[in-house]
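S.K.: This is the structure I have questions about; it appears just below.
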Amino acid sequence: MVQAQRPRIGVFVCECGRNIAATVDCDAVRDYAGTLDGVVCAVKNKYTCSEPGQREVQKWVREKGLDRVVIAACSPRLHEPTFRNCVKQVGLNPYLMEMANIREHCSWVHQGDPGGATCKAKDLVRSAVARAGFLEPQEEAEVKVTASALVIGGGIAGIQAALDLAHAGTKVILVEREPSIGGIMAQLDKTYPTMDCSI
Amino acid sequence: MMDVGRHPNIKLHTYSEVESITGFIGNFKARIRRKARFVDEKQCTACGDCVKVCPVVTPSRFDIGLSTRRAIYIPFPQAVPASYVIDMEKCLGNNPVACGKCAAACEKDCIDFDMRDETFEVEVGAVVVATGAGVVDPTHLEEYGYRRYANVITSLEFERLVSAGGPTGGEIVRFNDFQTPRRIAFIQCVGSRSKKTGRPYCSNICCMNTVKDSLLIKEHYPDVEIDVFYMDLRAFGKGFEDLLQRSRGRGVRYLRGLPGRITEDPASQDLVLRWENQEEGGRVEDRSYGMVILAVGLEPRKDNERVRGMLTLSKTSDGFFLESHNKLDPVSAPTRGVFLAGCAESPKDIRDSVTQAGAAAARVLRLLGSGKISIEAVTARVDPEKCNMCGLCAKGCPYNAILVDKAKNLKATVIEAACAGCGNCAATCMHGAITARHFTDAQIASQIDAIFADSPQEKVLTFACNWCSYAGGDFAGVSRMQYPPSARLVRTLCSARVRPDFILYAFQKGAPVVLVSGCHLGDCHYIKANHHTLERIERLWGRLERKGIRRERLQLEWISAAEGKKFQEVMCRVDEIRKSVTLAEIAATQEALSQEKVRVGV
């Protein structure tokens, strides 16, 4: 078995209202998380992503001197930026935050099996805690952004996007396959609900 | 439209196509092909002298074949740019024997038969995909007889017919006798909301378009009778209900139920609709009309695949492009720096297209305004102590982001700005010299350890790539698609990050089944890194079989971000395989692999 260094991990189990709590026994997951190696505190929140939820995470980081945070909640594809930012505000490197997806990958897909879902949620937390022990701070590289935009398609949507951007001072390259812009809109006679011309 | 042509900040390339796009958020390079117009669009004044002498007559695509144009033409009078173009497939050419009349007629010498396609490259920070939708061709719906019967037309053909600039100058006439019909029927949901036609979704625009069309007819011909056959009327937007009431007020009848069949009276070429009158207890009635207008729906463009491939976009099950988040981020594509506007994302009307386009522009401005963007710290790092300069990492890198040269004793180095973080190099390196930051061997091994710390026989270790398979799992969750709770996902950015040693390590730890999942081949978010996944898994299957381990116990699946249903099915199927693996088989596997040297990073 691989061994982590001695981290100070805080685990925050989100109920997400009833979204997680209706299927997963969040108290049991929190209690279990508290027994894991390296975990110095395990806390349950109603909504961890909410302002009070985030403040509580920050409070525990400060009070317990946490150097790793595990959020057991929704998909990192949804709230990873939220929680990275949350821990960053209290001086923790954002890459020292790990999420366990106990909503999209657990409570929502095992609604008929609360026992199995709770067992899985504990496993996901255990796995996230293990990984957290190996997380390292990372620095993001900044790259410059070319200050122009390409709009593909010169129908009403492409025209409007190009005009909005151009009016705001951005250089726009608008590419239309046909010999004229206009798209389907140009073929319409009148348009609803105002009954005026399309062009 | 004119503003677009005039605006100093807009470089308009019409008759042009994007051929390829490379790069990443803030730093895209697009290759554009400008097709030869054979007319200098800056010089052309659209005087029309060329058209008068062109001898070629061909159907007008703008008027959907209801009128004709010449080989040299302007698509419609208000076209932007206001310039003629030669359709070279139809043109007789500049052979003086054959033709060349237009060139002779053009006083400004705008016509250049030697013009060739040009390609050029542009650098941009963001891309807005506004490629639109196609219009359903109802020919395959045989019950309606479109193309068989002269007086069954589509709603788009009707637009041209009723337009003052159209082929009839706005007269609504039948195609067989050029008479104005006395009775007109609309049939709704043609090509929409039907699994039979493969388009189960609502096309959004057709109900209100028909309401509008009915009012236009009533404006021109107050005495024409109009019946609209519908399933449900969806007049949900601002001002829509008002318009519907106006239509009803003008005497337009809205009848629930779609006709099952249209037949044509051979003599009059009138159309007879067989319809079940639900208000009369389902009585079957035949109703006769002089013209039938099929309210056709919108469909994904047939060539969406090209755009999708260029920008590694995903599509929803209906074929339109997938947005980052249905509610919270509906104008961003999952590929960073790419935004969606209009019908490319889903069928929508002009108002919604304008709204979404404005939102997309705001998102672009948010990105470009900062002047710089931070890139996730997930790039690869090389430990020069361990590198033996074999060069395999550089060879497999989809971005050519690794420099290494044994002859010059140059150890591998990663060009950080070019590295996208797929982790393929870390999976390739035989010497453990490469670290995939934030997805290190030790991090992944620690997850495997934790997962199999108890009851390993009950768990399916699933490696899921961030962009497709993991997102597919999220989609299954959002859709509440139920499956057995055996799956344990380990997220990597790309399936190409999965080193075979991780899989062997899992089997050593007692895994009954291991699943590796990634984007479909051709859809990889790291160009084609997942081809390396395929190669690795195929090799590993052979290796496992030689050890007496069933190949079913290592599964490989391609699951896209929109395939929640497939994710669910795979999870159910793989769980069945898991159940077939006995404790004795797991023990035998552990024994067979006990001597395998497996490197997992620590």
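The values are calculated or read from the model by the stated rules, or taken from the named source; none is laboratory data. Quick caveat: nothing in here was measured; it's all calculated off a predicted structure. Every residue, glycine among them, receives a Cβ derived from its backbone with ideal geometry; neighbour counts consider all protein chains shown. Accessible surface areas use protein heavy atoms only, side chains included; no ligands, DNA or RNA. Shrake-Rupley method; radii C 1.70, N 1.55, O 1.52, S 1.80 Å.
S.K.: I need the per residue convex hull volume for chain B, using only the alpha carbons, in cubic angstrom as a whole number. The partial results should precede the final answer.
M.R.: Working: hull volume 136.8 nm³, N = 602.
Hull volume over Cα atoms, normalised by residue count, gives 227 Å³.
S.K.: Quick one: work out Rg over Rh on the C-alpha atoms of segment B:407-449, Rh as Kirkwood radius. Could the numbers behind the result be given before it?
M.R.: Details: Rg = 12.3 Å, Rh = 11.8 Å.
Across segment B:407-449, the Cα-based Rg/Rh ratio is 1.04.
S.K.: Determine the residues within segment A:68-92 where the difference in accessible area between the chain on its own and the full set of protein chains amounts to at least 50 Å²; count protein heavy atoms only and use a 1.4 Å probe.
M.R.: Buried by the other chains: A:Arg77.
S.K.: For B:Arg546 paired with B:Asp87, estimate the spin-label separation in nm (one decimal), with each label point 7 Å from Cα along the Cα-to-Cβ line.
M.R.: Inter-label distance under the simple model: 6.3 nm.
S.K.: Sticking with this structure for a sec: Please find the FRET efficiency linking A:Gln89 to B:Ser268, where r is the Cβ-Cβ separation and R0 is fixed at 60 Å, and quote it to the nearest 0.05.
M.R.: On the way: r = 78 Å, r/R0 = 1.29.
Efficiency computed from Cβ-Cβ geometry: 0.20.
S.K.: Note every residue of segment B:365-389 with a reduction of at least 20 square angstrom in accessible area, all protein chains present versus the isolated chain, computed with a 1.4 Å probe, or write none.
M.R.: B:Leu365, B:Leu368, B:Gly371, B:Lys372, B:Ile373, B:Ser374, B:Ile375, B:Glu376, B:Ala377
S.K.: Under 22 Å Cα-Cα from A:Lys120, which lysines qualify once same-chain neighbours fewer than 8 residues away are excluded?
M.R.: Within reach: A:Lys44, A:Lys46, B:Lys459, B:Lys509, B:Lys565, B:Lys566, B:Lys579.
S.K.: Looking only at A:Ala166, A:Ala130, A:Ala100, which one moves most when chain A is put into a Gaussian network model with springs between Cα atoms under 10 Å?
M.R.: Highest fluctuation among the options: A:Ala166.
S.K.: What are the trypsin sites (Lys or Arg not before Pro) within segment B:273-341 that DSSP puts in a loop, where the Cβ has at most 14 other Cβ atoms within 10 Å?
M.R.: Working: sites: B:Arg274, B:Arg283, B:Arg287, B:Arg301, B:Lys302, B:Arg306, B:Arg308, B:Lys315, B:Lys327, B:Arg336; in loops: B:Arg301, B:Lys302, B:Lys327, B:Arg336.
Filter output for segment B:273-341: B:Lys302, B:Lys327.
S.K.: What total accessible surface area, summed over both chains, is buried at the interface between chains B and A, computed with a 1.4 Å probe and given in Å² to the nearest 100? Please list the in-between numbers first.
M.R.: Details: alone 30250 and 12340 Å², together 33480 Å².
In total, this chain pair buries about 9100 Å².
S.K.: Over chain A, one equal point on each Cα, no solvent: what is log10 I(q)/I(0) by the Debye formula at q = 0.16 Å⁻¹?
M.R.: -0.88
S.K.: How much accessible surface does B:Lys218 have with a 1.4 Å probe, in Å² rounded to 10?
M.R.: That residue has around 10 Å² of solvent-accessible surface.
S.K.: Comparing the chain by itself with all protein chains present, which residues of segment B:17-64 are at least 40 Å² less accessible (probe 1.4 Å)?
M.R.: Buried by 40 Å² or more upon assembly, which counts only protein chains, are B:Val18, B:Asn27, B:Arg61, B:Phe62.
S.K.: Which order do you get for B:Asp270, B:Asp349, A:Asp31 if you rank them by accessible area with a 1.4 Å probe, largest at the top? Spell out each step's value before the answer.
M.R.: Details: B:Asp270 45, B:Asp349 15, A:Asp31 90 Å².
Reading off the accessible areas and sorting them downward yields A:Asp31, B:Asp270, B:Asp349.
S.K.: For the protein assembly as shown, what ratio Rg/Rh do Cα atoms give with a Kirkwood hydrodynamic radius?
M.R.: Working: Rg = 31.1 Å, Rh = 29.9 Å.
Result for the protein assembly as shown is an Rg/Rh of 1.04.
S.K.: I'd like to check one number: the per residue accessible area of the protein assembly as shown, probe 1.4 Å, reported in Å² as a whole number. Display every interim value, and only then the final one.
M.R.: Working: 33480 Å² over 801 residues.
Accessible area per residue: 42 Å².
S.K.: Share of chain A's accessible area from carbon and sulfur, percent, 1.4 Å?
M.R.: Details: 3660 of 7590 Å².
Carbon and sulfur: 48 percent of the exposed surface of chain A.
S.K.: How long is the gain from B:Lys408 to B:Glu535 if the chain were fully straight, where each residue apart is worth 0.36 nm and the alpha carbon distance is subtracted? Don't jump to the answer; show the numbers that get you there.
M.R.: Details: separation 127, 0.36 × 127 = 45.72 nm, distance 3.01 nm.
Here the answer is 42.7 nm.
S.K.: Using just the alpha carbons, could you tell me how many Å³ per residue the convex hull of segment B:380-436 encloses? Kindly include the intermediate steps, with their values, before the conclusion.
M.R.: Details: hull volume 3.6 nm³, N = 57.
Cα-based convex hull of segment B:380-436, divided per residue, equals 64 Å³.
S.K.: Work out how far the C-alpha atoms of segment B:218-358 reach from end to end along every principal axis, then list the three figures in whole Å, largest first.
M.R.: 58, 34, 33 Å, listed from the longest principal axis down.
S.K.: Hey, another quick one. Can you give me the distance in nm between label points at B:Thr22 and B:Phe236, each placed 7 Å from the Cα along the Cα-to-Cβ direction?
M.R.: 4.4
S.K.: Moving to a separate point now. In degrees between 0 and 90, to the nearest 10, how far off the longest principal axis of chain B does helix B:564-580 point, with axes built from Cα atoms?
M.R.: With both axes taken from Cα atoms, the answer is about 30 degrees.
S.K.: Next up: Could you compute how much accessible surface B:Phe475 exposes when probed at 1.4 Å, giving the result in Å² to the nearest 10?
M.R.: The accessible area of B:Phe475 comes to roughly 80 Å².
S.K.: What is the Cα centroid distance between segment A:14-33 and segment B:196-216, reported in whole angstrom?
M.R.: After rounding, the separation between the Cα centres reads 45 Å.
S.K.: Working out 0.36 nm times the residue gap between B:Lys195 and B:Ala164, then minus their Cα-Cα distance, what length gain in nm do you get to one decimal? Present the calculation step by step, with values, prior to reporting the outcome.
M.R.: Working: separation 31, 0.36 × 31 = 11.16 nm, distance 3.71 nm.
Full extension of this stretch gives 7.5 nm more.
S.K.: Could you check how much of the accessible area of chain B is carbon and sulfur, as a whole percent, using a 1.4 Å probe? Display every interim value, and only then the final one.
M.R.: Numbers: 12990 of 25890 Å².
That fraction is 50 percent.
S.K.: With r defined as the distance between the Cβ atoms of B:Lys29 and A:His167 and R0 fixed at 25 Å, what FRET efficiency is calculated, to the nearest 0.05? Mind showing how you got there, number by number?
M.R.: Values: r = 26 Å, r/R0 = 1.02.
Efficiency computed from Cβ-Cβ geometry: 0.45.
S.K.: Right, here's the next one. Which of the trypsin sites (Lys or Arg not before Pro) found in segment A:17-50 are loop residues per DSSP with 11 or fewer other Cβ atoms within 10 Å of their Cβ? Before the final figure, lay out the partial values.
M.R.: Working: sites: A:Arg18, A:Arg30, A:Lys44, A:Lys46; in loops: A:Arg18, A:Lys46.
Hits after loop and neighbour filter: A:Arg18.
S.K.: Over the Cα atoms of segment A:1-75, Rg to Rh with Kirkwood Rh, two decimal places?
M.R.: Numbers: Rg = 12.4 Å, Rh = 12.6 Å.
Ratio value, two decimals: 0.99.
S.K.: Of B:Met1, A:Met97, which has the most accessible area and how do the rest follow, probe 1.4 Å? Could the numbers behind the result be given before it?
M.R.: On the way: B:Met1 40, A:Met97 0 Å².
Correct descending sequence by accessible area is B:Met1, A:Met97.
S.K.: Okay, next question. Could you tell me the accessible area of A:Cys197 in Å² (1.4 Å probe, neighbours in place), rounded to the nearest ten?
M.R.: 90
S.K.: How far is the Cα center of segment A:87-166 from the Cα center of segment B:68-95, in Å?
M.R.: Answer, in whole Å: 50.
S.K.: Span-like helices, chain A: DSSP H, alpha-carbon axial extent 27 Å or more, mean Kyte-Doolittle -0.5 or greater, which ones? Mind dumping the intermediate values first?
M.R.: Numbers: long enough: A:114-133 (28 Å, -0.04).
Helix filter hits for chain A: A:114-133.
S.K.: Of the DSSP beta bridges with both residues in the protein assembly as shown, give the percent that are antiparallel, rounding to the nearest 5.
M.R.: On the way: 51 of 117 bridges.
Bridges in the protein assembly as shown are about 45 percent antiparallel.
S.K.: What Rg and what Dmax come out for segment A:86-139 when only alpha-carbon atoms are used, in angstroms?
M.R.: In order Rg, Dmax, the Cα atoms of segment A:86-139 give 13.9, 43 Å.
S.K.: Using a simple spin-label model with points 7 Å from Cα along the Cα→Cβ vector, what separation in nm is obtained for B:Glu585 and B:Val173?
M.R.: Once both label points are built, they end up 7.6 nm from each other.
S.K.: Another question, if that's okay. Calculate I(q)/I(0) for segment B:443-507 by the Debye formula, one identical point scatterer on each C-alpha and no solvent, and give its log10 at q = 0.25 Å⁻¹ to two decimals.
M.R.: Reported log10 I(q)/I(0), two decimals: -1.15.
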